[in-house]
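Visitor: Sharing a structure here in structure tokens format.
The values are calculated or read from the model by the stated rules, or taken from the named source; none is laboratory data. None of these values were measured; they are calculated from a predicted model. We place every Cβ from the backbone using ideal geometry, glycine too, and count neighbours over all the protein chains shown.
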Amino acid sequence: MSPRYVRIAVEGKADTGIAQKLLDHADLRITGQIIVRHGTGNLDKLIAACSKTAKASSPWVVLRDCDSACPVELRERLLGPSPANPHFVLRLATSMSEAWLLADHEGFSRYFSVQIGRLPDAPDEEPHAKRSLLHLVESSRNKRMQSDVVGQHGRPGKLYVDRINEFAQKYWDIDRAATRSPSLKSALIRLSELRERLPEP
């Protein structure tokens, strides 16, 4: 099958591995590079523009965390009342993209050396998935992993971004994760639908 190309934007550098894996799963390729907007404020400005200008020859995908917001209300706030653009896909991770990683219990447990029984059964319901991830890795049996990912006072460590992206790209089983994360499963479906709508190059 011929490749289909999209542009994609994310909040931060730690989201790039997830973004790449999502597109690979949907058999989509990236036009240029993943755009990192460094925060929701900057990303939201792009969402408003892309939702209006995306077209079959230049489709857009945007990944954003819900944080504490209701996904339905957040989507309405970001996109407004205008009709949905079939060539623009906004996917909201509930509550954060880290929840999608936590949803692969087996892969997460092996890579981060944490007890599988400590992982949440419903990661989408974690109020602060990033904080949950950091707390879990604090208990890692691999002390180097622990120090790479978790810094002082439970904050992200110096190699947090590198470790998260390595896990997402090389070890994360996205299909297994989708069985525990409804928001991830929905994202996979929408990306597959987008690919079907795009014309062959």
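Visitor: Just to be sure before I move on: is Asp162 of a type in the set (D, E, K, R), out of contact with any Leu (no Cβ under 8 Å at 6 or more places or on another chain) and within 18 Å of Glu11 (Cβ to Cβ) in the structure I sent? It would help to see each step written out before you state the result.
Guide: Numbers: of a type in the set (D, E, K, R): yes; out of contact with any Leu (no Cβ under 8 Å at 6 or more places or on another chain): yes; within 18 Å of Glu11 (Cβ to Cβ): yes.
The answer is yes for Asp162.
Visitor: Going through the range 119-148 one residue at a time, which ones are more than 15 Å from Met96 (Cβ to Cβ) and loosely packed, with under 13 Cβ neighbours inside 10 Å?
Guide: Of everything in the range 119-148, those that are more than 15 Å from Met96 (Cβ to Cβ) and loosely packed, with under 13 Cβ neighbours inside 10 Å turn out to be Asp121, Glu138, Arg141, Lys143, Arg144.
Visitor: Can you confirm whether Val89 is touching a Pro at 6+ places or on another chain (Cβ under 8 Å), aliphatic (A, V, I, L, M) and in a strand (DSSP E or B)? Let's see the steps before the verdict.
Guide: Details: touching a Pro at 6+ places or on another chain (Cβ under 8 Å): yes; aliphatic (A, V, I, L, M): yes; in a strand (DSSP E or B): yes.
Yes: the conditions hold for Val89.
Visitor: With a cut-off of at least 3 residues that are free of Cβ contacts under 8 Å to residues at least 40 places away in the same chain and at positive phi, name the helices (runs of 4 or more DSSP H) lying wholly within the range 1-80.
Guide: none
Visitor: Those residues that are in contact (Cβ under 8 Å) with a residue 12 or more places away in the chain, under 18 Å from Ile18 (Cα atoms) and hydroxyl-bearing (Ser, Thr, Tyr), I need them from the range 106-151; list them, please.
Guide: Within the range 106-151, Tyr111, Ser132 meet the criteria.
Visitor: Would you confirm, using the coordinates I've provided, whether Ala103 is touching a residue at least 60 places away in the same chain (Cβ under 8 Å) and not assigned by TED's automatic domain parsing to the domain that holds Cys50? Show your work before the answer.
Guide: Numbers: touching a residue at least 60 places away in the same chain (Cβ under 8 Å): yes; not assigned by TED's automatic domain parsing to the domain that holds Cys50: yes.
Yes, satisfied.
Visitor: Looking only at the range 92-118, count every residue that is surrounded by fewer than 20 Cβ atoms within 10 Å (Cβ to Cβ) and more than 16 Å from Ile164 (Cα to Cα) and tell me the total.
Guide: 4
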